[in-house]
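The values are calculated or read from the model by the stated rules, or taken from the named source; none is laboratory data. Keep in mind the model is a prediction, meaning the values are calculated, not measured. Note that each Cβ is placed from the backbone with ideal geometry, even for glycine, and that neighbours are counted across all protein chains shown.
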Amino acid sequence: MNTFNLMISAYNAILYNGRAVYCGITTVDGSLGFETRHEPMLSVLKENSDIVYKDAHGMEKTIQVVNGMLSFKNNECTIIVDLVEKNKP
């Protein structure tokens, strides 16, 4: 299976750092899906959107973000985000 390296990081934690087969995001210009060997790009994520990705084993996960930036180059995708704050009880 073809994979790429995906790192999703917030200011205080690395949320995911490993191989992935897919990553879907919504940018200010629309929705994008990334698979292995995607063309190089930089983009700004749409406010209050989700990042959906499938790891190398095909497990799908979703992360809610307030905002962020994405870079894809040389089969590596790096996403820096601010997370949605969860309500405390």
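Return only the number of the condition from (1) of a type outside the set (Asp, Glu); (2) part of a loop (DSSP other than H, G, I, E, B); (3) touching a residue at least 40 places away in the same chain (Cβ under 8 Å); (4) surrounded by 15 or more Cβ atoms within 10 Å (Cβ to Cβ) that Met1 does not satisfy.
Only one criterion is unmet by Met1, namely (4).
Tally the residues that are in contact with an Asp or Glu (Cβ under 8 Å, 6 or more places away or on another chain) and of a type in the set (S, T, N, Q), restricting the search to region 11-33.
Total satisfying the criteria: 1.
Exactly one condition in (1) modelled with pLDDT under 95; (2) under 13 Å from Phe4 (Cα atoms); (3) aliphatic (A, V, I, L, M) is not met by Ala20; state its number.
With respect to (1) modelled with pLDDT under 95; (2) under 13 Å from Phe4 (Cα atoms); (3) aliphatic (A, V, I, L, M), Ala20 is out only on (1).
Select from region 35-62 the residues that are β-branched (Val, Ile, Thr) and at pLDDT 95 or above and write down the one among them that is farthest from Val21 (Cα to Cα). Before you say what the answer is, go through the steps one by one.
Kept after step one, since they are β-branched (Val, Ile, Thr), are these residues of region 35-62: 36, 44, 51-52, 62.
Filter once more, so that each one left must be at pLDDT 95 or above: 44, 51-52, 62.
Numbers: Val44: 21, Ile51: 14, Val52: 11, Thr62: 14 Å.
The selected residue is Val44.
Where in region 5-53 are there strands (runs of 3 or more DSSP E), lying wholly inside it, with at least 1 residues that are aromatic (Phe, Trp, Tyr) and under 12 Å from Met69 (Cβ atoms)? If you could, list the steps in order and put the result at the bottom.
Values: elements: 13-27, 30-34, 41-44.
Here the list is empty.
Which of the residues spanning region 75-89 are of a type in the set (S, T, N, Q) and either in a strand (DSSP E or B) or at pLDDT 95 or above (or both)? Full working, then the answer.
Taking region 75-89 first, the residues of a type in the set (S, T, N, Q) are 75, 78, 87.
Within region 75-89, Asn75, Thr78 meet the criteria.
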